[in-house]
Amino acid sequence: NQRRRFLIERLAEIPQLRWTPTCGGFFAFVRNQGGSDSVQLAMEILDRVHVITIPGSAFGEQGQEYLRLSYGSVNLPDLDEACHRLSRFFATV
């Protein structure tokens with residue numbers, strides 16, 4: 001999947017984020033190396049750079065340091081823009 005490969009490359013450029021891609025699916029469960037509250041982080045990302053993420057804590061206590069990103073139905077230009085915005089966000093935290 002082209003979008004998946006693209007996302008792997010782009011997330012690797014953001015030092016605070018770690019993703020171990022799985023074999024399938026259209027979602028990335030990305031670990032925030034800063035370990036902050038995933039709900040607060042998702043809200044800050046939305047407020048500051050207008051990218052929607054799902055707090056990992058929505059999937060249980062062990063997801064607290066994670067964000068879920070969906071890439072299955074987005075086109076590459078929009079995915080590129082979202083990655084650029086995430087990169088900009090994490091460059092300032």
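His84 passes every criterion in (1) assigned to a helix (DSSP H, G or I); (2) over 24 Å from Gln2 (Cβ atoms) apart from (2). Across the range 64-76, which residue is nearest to Arg3 (Cα to Cα) among those that are open to solvent by 50 Å² or more (accessible area, probe 1.4 Å) and assigned to a strand (DSSP E or B)? Among those that are open to solvent by 50 Å² or more (accessible area, probe 1.4 Å) and assigned to a strand (DSSP E or B), it is Ser70.
Which one of the conditions (1) open to solvent by 80 Å² or more (accessible area, probe 1.4 Å); (2) of a type outside the set (D, E, K, R); (3) assigned to a strand (DSSP E or B) does Val30 fail to meet, given that it meets all the rest? Of (1) open to solvent by 80 Å² or more (accessible area, probe 1.4 Å); (2) of a type outside the set (D, E, K, R); (3) assigned to a strand (DSSP E or B), only one is false for Val30: (1).
So, in the range 21-47, how many residues would count as being under 22 Å from Asn75 (Cα atoms) and not aliphatic (A, V, I, L, M)? Walk me through how you get there before you give the answer.
Looking only at the range 21-47, we keep the residues that are under 22 Å from Asn75 (Cα atoms), and these are 21-30, 42, 45-46.
Restricting the remaining residues to those that are not aliphatic (A, V, I, L, M) gives 21-27, 29.
Counting residues in the range 21-47 that are under 22 Å from Asn75 (Cα atoms) and not aliphatic (A, V, I, L, M) gives 8.
Of the candidates Phe6, Phe90, the single residue that is open to solvent by less than 30 Å² (accessible area, probe 1.4 Å), aromatic (Phe, Trp, Tyr) and not in a strand (DSSP E or B) is Phe90.
Among the residues of the range 51-63, some residue qualifies, meaning at least one is β-branched (Val, Ile, Thr) and open to solvent by 50 Å² or more (accessible area, probe 1.4 Å). Counting only residues that are open to solvent by 80 Å² or more (accessible area, probe 1.4 Å), outside any strand (DSSP E or B), touching a strand residue (DSSP E or B) at 6+ places or on another chain (Cβ under 9 Å) and in contact (Cβ under 8 Å) with a residue 40 or more places away in the chain, how many does the range 9-27 have? Result for the range 9-27: 1.
The values are calculated or read from the model by the stated rules, or taken from the named source; none is laboratory data. Since the model is a prediction, treat every value here as computed from it, not as a measurement. Glycine also receives a Cβ, built like all others from the backbone with ideal geometry; neighbour counts cover every protein chain displayed. Quick note on the areas: whole protein, heavy atoms, side chains included, nothing else; ligands and nucleic acids left out. Shrake-Rupley method; radii C 1.70, N 1.55, O 1.52, S 1.80 Å.
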